[in-house]
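Encoded as structure tokens, the structure appears first; notes follow it.
The values are calculated or read from the model by the stated rules, or taken from the named source; none is laboratory data. Owing to the predicted nature of the structure, the values given are computational and were not obtained by experimental measurement. Ideal geometry is used to build each Cβ from the backbone, glycine not excepted, and the neighbour counts take in all protein chains shown. Heavy atoms of the whole protein, side chains included, go into the accessibility calculation; ligands, DNA and RNA do not. Shrake-Rupley method; radii C 1.70, N 1.55, O 1.52, S 1.80 Å.
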Amino acid sequence: MQELESFKDRISSPHKVVITTHHKPDADALGSSLGMANYLKKKGHEVTVVTPSDYPSFLHWMKGNEQVLNFEDPQHRDIAIKKVLEADTIICLDFSCLKRLHDLASFVTKSNAYIVNIDHHQDPKDFSDFQYWSTSAAATCELVYELIVKLGDRDLIDKDIADCLYAGIMTDTGGFRHPNTTKNVHLITAELIDLGADNSKISRLIYDTNSINRLKFIGFAITRRLTILEDLQTAYFAISKKDLRKYNSQTGDTEGLVNYALSLDGVKIAALFTEREDGVKISFRSTEEIAVNKFAADHFEGGGHKNASGGKSNLSLKETTEKFEKLIKENQKLLFNQLELIHEKN
């Protein structure tokens, strides 16, 4: 509470604030960033949102999107660096360690700003002066809402802020389908709807807005790039750079693809391997009773949530999927041990 009061005092008078989030922001990352930005602007602060990279076009509807500085955009880079180095406060949202900022991290480290970290991921690193963190939260947007309310500023949450925060909570709960959809999630989203969030419109903008190329890519991936390991209750997609070029893939086009693999009857573990210029990006998903975050951390330099984690590999795409299959076979008993215990209890 003492730290909260200190933070409250700090934002009581206008100053220069930079808000940033992780590389390749998703709806929770951007929603929490723009939700917080719009809130602080109402309190008179000079606020700049700097993202380490671009993000999906289906998030561009959020209020303040047109003012976001993309650090990887040559036209934005210099001004983004200037804003970071001159900031009085830097608010880091939806990540637990500075390496998630990629090249932007070194400039945040150089800054003399007061650092704030708001996040719901496991194993947070100690890089901030004030931390508002909870792994029990489904989304960082959930924490941003709670923080604003604790600061006594619920009345400052307008429709634009509510829309941003609702989007992050909706997506990080898989449209309120994942096990992290708690009573608190429903209470907060009800409050956000009461404050003006257009839940139906937000769902359509995020889930039902596709390009023709993306739909063709999804169809191609399901019919040609899906591998099912029935005896291991595992399925995965392996997407090459050539595949991405063929369908003129844009940032966000692979979003949610891994969930098609997890949706298969009998599948408990799913993965998406996407070949990029800097290596293979990996997304892991699992059913409620199986934790994939430790598996990602132990074998693919990753981590994240129990049922939704990420990782990377510097091997080729083929070598990476072969390694994955080998590891699943070797760790099958360990990975499925929790499932066996649940069945025994029942």
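Do any residues in region 198-226 that are under 28 Å from residue 164 (Cβ atoms) have Cβ atoms under 6 Å from those of residues that are aromatic (Phe, Trp, Tyr) and open to solvent by 40 Å² or more (accessible area, probe 1.4 Å), where the two are at least six apart or on different chains, and which pairs are they?
The qualifying pairs are 205/61.
How many residues does region 155-173 contain that are assigned to a helix (DSSP H, G or I), surrounded by fewer than 21 Cβ atoms within 10 Å (Cβ to Cβ) and touching a residue at least 40 places away in the same chain (Cβ under 8 Å)?
Total meeting the criteria: 2.
Give region 193-212 a look and list any residue that's aliphatic (A, V, I, L, M) and not in a loop (DSSP other than H, G, I, E, B), or say none.
Within region 193-212, 193, 202, 205, 206, 212 meet the criteria.
Restricting region 137-154 to residues that are assigned to a helix (DSSP H, G or I) and hydrophobic (A, V, I, L, M, F, W, C), which is nearest to the chain's Cα centre (by Cα)?
Checked region 137-154; the qualifying residue nearest to the chain's Cα centre (by Cα) is 141.
Can you pull out the residues in region 246-297 that are buried (at least 16 other Cβ atoms within 10 Å of the Cβ), under 19 Å from the mean Cα position of the chain (by Cα) and part of a strand (DSSP E or B)?
Answer for region 246-297, where residues must be buried (at least 16 other Cβ atoms within 10 Å of the Cβ), under 19 Å from the mean Cα position of the chain (by Cα) and part of a strand (DSSP E or B): 270, 271, 272, 273, 274, 280, 281, 282, 283, 284, 285, 286.
Scanning for something open to solvent by 10 Å² or more (accessible area, probe 1.4 Å) and closer than 21 Å to residue 214 by Cβ, does region 48-56 turn up at least one residue?
Scanning region 48-56, I find at least one residue that is open to solvent by 10 Å² or more (accessible area, probe 1.4 Å) and closer than 21 Å to residue 214 by Cβ, so the answer is yes.
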